[in-house]
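Novice: Here's a structure for you.
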Amino acid sequence: MARVCLDEDVHSSLATLLMRYGHDVTRLEDAGMSGSSDDVVFEFAQNQHAVLVTGDLGVADARLLSSKSHFGVILLRMPNEMSSDQVNSEIERLLPDLALDHLSNTIVVIEPGNMRVRSTS
């Protein structure tokens, strides 16, 4: 299964969901990375050989990622009104179609009812 790094803007309950599916999950808060810059967050995930899950457009900027090799970025574009349970349900619905261990140099954008996959290489 995949190694996954959750940015601090992602609810901790997603870690539980992903671990239930057998993924190795690191939360930035647990790694003492709270408040780190986008560059530091990205490099931490790469050093972990992990897919980075974030809601931060700065970290998931395709223009910047196209010049770097990476293990994959999942950008969550969920409305603030969605509860963490609703967000997790949406992600769980998409997990069968989302090969987390094969996302190198790929950005996945997840929105309510939609998933877009884009290669950055």
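Just so you know, all these numbers are worked out from the coordinates, no wet-lab data involved. None of the values given here were measured: they were computed from a predicted structure. Cβ atoms come from the backbone with ideal geometry, glycine included; neighbour counts cover every protein chain shown.
Novice: Return the percentage of antiparallel bridges among DSSP beta bridges fully within the chain, rounded to the nearest 5 %.
Specialist: Roughly 30 percent of the beta bridges in the chain run antiparallel, per DSSP.
Novice: Follow-up. Take the chain, mark every one of the trypsin sites (Lys or Arg not before Pro) that falls in a DSSP loop and has at most 16 other Cβ within 10 Å, then report the longest stretch left between them, sites excluded.
Specialist: Values: sites that count: Lys68, Arg77.
With a cap of 16 other Cβ atoms within 10 Å, the longest stretch comes to 1-67.
Novice: Could you give the dipole magnitude of the chain about its Cα centre, charging the beta-carbon of Lys and Arg +1 and that of Asp and Glu -1, in debye to the nearest 20?
Specialist: Taking the Cα centre of the chain as origin, the dipole is about 420 debye.
Novice: Would you list the P(r) distribution for the chain, with all Cα-Cα distances sorted into 5 Å bins from 0 and each bin expressed as a whole %?
Specialist: That works out to 2, 12, 24, 27, 22, 11, 2, in percent per bin.
Novice: Out of Leu6, Ala31, Leu100, whose Cα points farthest toward the positive end of the dipole of the stretch 3-119 (charges: +1 Lys, Arg; -1 Asp, Glu; placed on Cβ)?
Specialist: Leu100
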